[in-house]
Amino acid sequence: MLPLILRTILIIVSIFLLIFIVHNTAKSKMRIEDTIFWLLLIILIVVLSIFPQIVELAANLAGFMSPSNLVLSFFVFVLIVKIFSLSKQVSMLENKIKELTQRVAVDKLRHKKSNKIN
Amino acid sequence: MLVMNKTLVIIPAYNEEENIQAVVGNLVNNFQDFDYLVINDGSTDNTAKILRKNEYQFLDLPINLGLAGGFQAGLKYAVDEGYQCAIQFDADGQHHPEYLQTLANATKDYDIVIGSRFATKKRPKSMRMLGNILISGLLKITCKITIKDPTSGMRAYNKRMIKELSYGPNKGPEPDTLAYLIKKKNASIKEIQVEMSDRTAGKSYITLWRSCEYMARIFSSITIFNHFR
């Protein structure tokens, strides 16, 4: 049985997370594509909180001792996946910065040389 | 030296080696009234080579930014050079330059002029048009405006819109940005009937996954984010 208090807390946290996301995007601090994951997660949390039967059924099938354990495990799994995705994004950013730095430096020198020739 | 009363045709290009020479050559030979700027968006094929060989004017982006980032780079150039109007133009030959003058003229009266396939012609009710139909409906509900071809890439912007769009995230040339500009920046929009061809050569950027990502972003942007920007 998924406790009512836990469900309420999840919904409240989701609302705050949603406000936080919208505020950051409105202030041009985030790109919309980077918020889609969090929007989907919020929707999932709200749905599971309103229909705890889904979690209870899944917990029984998977052999968890209580639905709360499943909720916790699920969040940990989601976080691991998200963090891996972020690691990949950071790697790609590092590579892009490297390319830009090299391009700027090479262009600077070639520009200087071509100015000297002129 | 600033260019007065001139229009910049911005041509984002990613791996368009098969089309770029024909498209830009046509502009250079037959449409000299217009300045143009190709955006080489980190192409991995011979696009840059072809641009250099023909001495076409282009921005050589060192990394791939995508359509939004590439077009925005062109807008930064337009701001710096003082252009009155900027028009987005496809590098794959789908857009017809015969309509450029009409679009540019209309920006004297409207902030954004869309080259629309369905301004006067009827839009077919097919699967291919599903995205277009959905987005039109969404725009009608949220902004009370009728746009028959909201995904058209052939759009002209006046100086005020160029300045708005040239900086910051979430400013891509997509329907949700249109909705934002209408609601928050009082943008006036006009649709003008144009003809477009189908792509003849090269690979399209559109895949099923990208279409889903696109619709998710447009939907959440228009329904949630635009109210707070």
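Structure summary
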quantity	calculated
Top-ranked residue of segment B:67-97 - restricted to ones that are touching a Phe, Trp or Tyr at 6+ places or on another chain (Cβ under 9 Å) and within 14 Å of chain A (Cβ to nearest Cβ), ranked as surrounded by the most Cβ atoms within 10 Å (Cβ to Cβ)	B:72
Boolean, residue B:118 is within 17 Å of residue B:153 (Cβ to Cβ) and either in a loop (DSSP other than H, G, I, E, B) or in contact with a Lys or Arg (Cβ under 8 Å, 6 or more places away or on another chain) (or both)	yes
Residue match in segment B:152-166 (condition: at pLDDT 90 or above, within 14 Å of chain A (Cβ to nearest Cβ) and open to solvent by 40 Å² or more (accessible area, probe 1.4 Å))	yes
Selected residue (only one of B:229, B:123, B:128 is open to solvent by 40 Å² or more (accessible area, probe 1.4 Å) and within 11 Å of chain A (Cβ to nearest Cβ))	B:229
Residue satisfying all of: in segment B:182-217; surrounded by 12 or more Cβ atoms within 10 Å (Cβ to Cβ), within 17 Å of the chain's Cα centre (by Cα) and at pLDDT below 90; nearest to the other protein chains (Cβ to nearest Cβ) among these	B:214
Test result for residue B:142, open to solvent by 20 Å² or more (accessible area, probe 1.4 Å), of a type in the set (Ser, Thr, Tyr), in a helix (DSSP H, G or I) and more than 14 Å from chain A (Cβ to nearest Cβ)	yes
Every pair of residues 6+ apart whose Cβ atoms lie under 9 Å, when the first sits in segment A:91-104 and is more than 8 Å from chain B (Cβ to nearest Cβ) while the second is outside any helix (DSSP H, G or I) and hydrophobic (A, V, I, L, M, F, W, C)	A:95/B:63
Subset of segment A:1-60 that is within 14 Å of another protein chain (Cβ to nearest Cβ) and assigned to a loop (DSSP other than H, G, I, E, B) - its residue that is nearest to residue B:167 (Cα to Cα)	A:28
Boolean, residue B:105 is more than 27 Å from residue A:92 (Cβ to Cβ) and not aromatic (Phe, Trp, Tyr)	yes
Condition check for residue B:136: among the polar types (S, T, N, Q), assigned to a helix (DSSP H, G or I) and within 14 Å of chain A (Cβ to nearest Cβ)	no
Condition met for residue B:64 (over 22 Å from residue B:33 (Cα atoms), in contact with a strand residue (DSSP E or B) (Cβ under 9 Å, 6 or more places away or on another chain) and open to solvent by 40 Å² or more (accessible area, probe 1.4 Å))	yes
Subset of segment B:44-59 (residues that are under 23 Å from residue B:206 (Cα atoms) and open to solvent by 20 Å² or more (accessible area, probe 1.4 Å))	B:44, B:45, B:46
Qualifying residue in segment A:21-43 (condition: farther than 30 Å from residue B:69 by Cα and surrounded by 13 or more Cβ atoms within 10 Å (Cβ to Cβ))	no
Segment B:100-110, subset more than 14 Å from the chain's Cα centre (by Cα) and in contact (Cβ under 8 Å) with a residue 12 or more places away in the chain, residue nearest to residue B:26 (Cα to Cα)	B:101
Scope segment B:21-68; condition under 23 Å from residue A:106 (Cα atoms) and in a helix (DSSP H, G or I); matching residues	B:47, B:48, B:49, B:50, B:51, B:52, B:53
Members of segment B:136-184 that are more than 22 Å from residue B:228 (Cα to Cα), in contact with a strand residue (DSSP E or B) (Cβ under 6 Å, 6 or more places away or on another chain) and of a type in the set (A, V, I, L, M)	B:154, B:156
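The values are calculated or read from the model by the stated rules, or taken from the named source; none is laboratory data. Since this is a predicted model, take the numbers as computed values, not measurements. We place every Cβ from the backbone using ideal geometry, glycine too, and count neighbours over all the protein chains shown. All accessible areas refer to the heavy atoms of the entire protein, side chains included, with ligands and DNA or RNA removed. Shrake-Rupley method; radii C 1.70, N 1.55, O 1.52, S 1.80 Å.
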